[in-house]
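Encoded as structure tokens, the structure appears first; notes follow it.
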Amino acid sequence: MSEVRNPPVLLVVLVALVAGAAGYFLRGLRADPAPDLGAGVERDPDEPAPKSGARREVPNDEPARTDSVEEIAPEDLEWMRGALAREKERRREAEFQDGDSGLGTLRRIDEFGADPGLLLADFESFVRPLRSAPGDVRVITVTPETINEVFSNYRRGDASRVTFEFTAGVFEPKIELRLDGGEFVTLRGQGMDATTIRAQSDLVFTQGVDNLAVEALTLDGRLRSDGLLDSRGAAAVLLRRVRCLGFDSSAGHSAALGVSARTYIAVESCEFVGGYGHSP
């Protein structure tokens, strides 16, 4: 049986099949034409057709802008003038002043957006609002024998511009000094190693006081796990050369400073000593 050999014909048929398959495949990959972004938008007959690839401006609902004050509606112009006046006033109130108290400084930050970074840049700037009272201040001498009587006289009272001068010794008050308002109140001892207060409650309870200072004494709160301050209202406080221990001795907040409202506090050369209590 003889074999039929015709290589040229077979080669032509194979090339045709490959070319057809390739064309079919390439047609499937061909990109769709780009959508006409102007479709559905009516065009002014007198408007020249945009060039190919040019960006078409699409109208929006924003009012036309103008640089002319005369073209602004009177009510809008009045609103703009009021807004500008209010912003000028806010900026003026947001500037710290040399005579600001601690709470006055907090007010500029909270209500007018003053920059606290200007105060936090250095300690002297931060502590400046917590200055001593200008002018005359009433000084009350406190001894271990008279502390409860003195604190009782100011319980729920306004103790503005008063300095409580503690003598050297050990004090055991039965009640806290309660300050519901007032400003420029100072509790001053004779030094951390000279004046010790063994509190049976927090040394000071306040629902609001501006520029309270506690200086040069030791608070020993081991009897009831009490601390220096229980603040329930806006307060500005300076602690200077104070030692506080025993505040962590039992239940409660177990903290040297209990703060439940906005408070401006500066602490200088103080010691807060833990580990003295029943549950350090």
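For D193 and A85, a Förster radius of 51 Å and the Cβ-Cβ distance give a FRET efficiency of 0.35, rounded to the nearest 0.05.
In sequence order, the range 229-235 has phi-based couplings of 9, 10, 9, 10, x, 4, 8 Hz under the Karplus curve 6.51 cos²θ - 1.76 cosθ + 1.60, θ = phi - 60°, and Gly or Pro positions carry x.
Looking at the range 125-175, the accessible area is 55 square angstrom per residue; that uses a 1.4 Å probe and ignores ligands, DNA and RNA.
In this structure, the amide hydrogen of I265, modeled 1.01 Å from its nitrogen in the peptide plane, lies closer than 5 angstrom to those of V237, counting only residues at least 5 positions away or on a different chain. For the range 124-225, the fraction of 1.4 Å probe accessible surface lying on carbon and sulfur atoms is 43 percent. Taking 0.36 nm per residue of separation and subtracting the Cα-Cα distance, full extension of the segment from R128 to R262 would add 46.4 nm.
The values are calculated or read from the model by the stated rules, or taken from the named source; none is laboratory data. Not measured: the values here are computed from a predicted model. With ideal geometry, Cβ positions are generated from the backbone for all residues, glycine too; neighbour counts draw on all protein chains shown. Ligands, DNA and RNA are stripped out before the accessible areas are found, and what is left, the full protein with its side chains, is counted by its heavy atoms. Shrake-Rupley method; radii C 1.70, N 1.55, O 1.52, S 1.80 Å.
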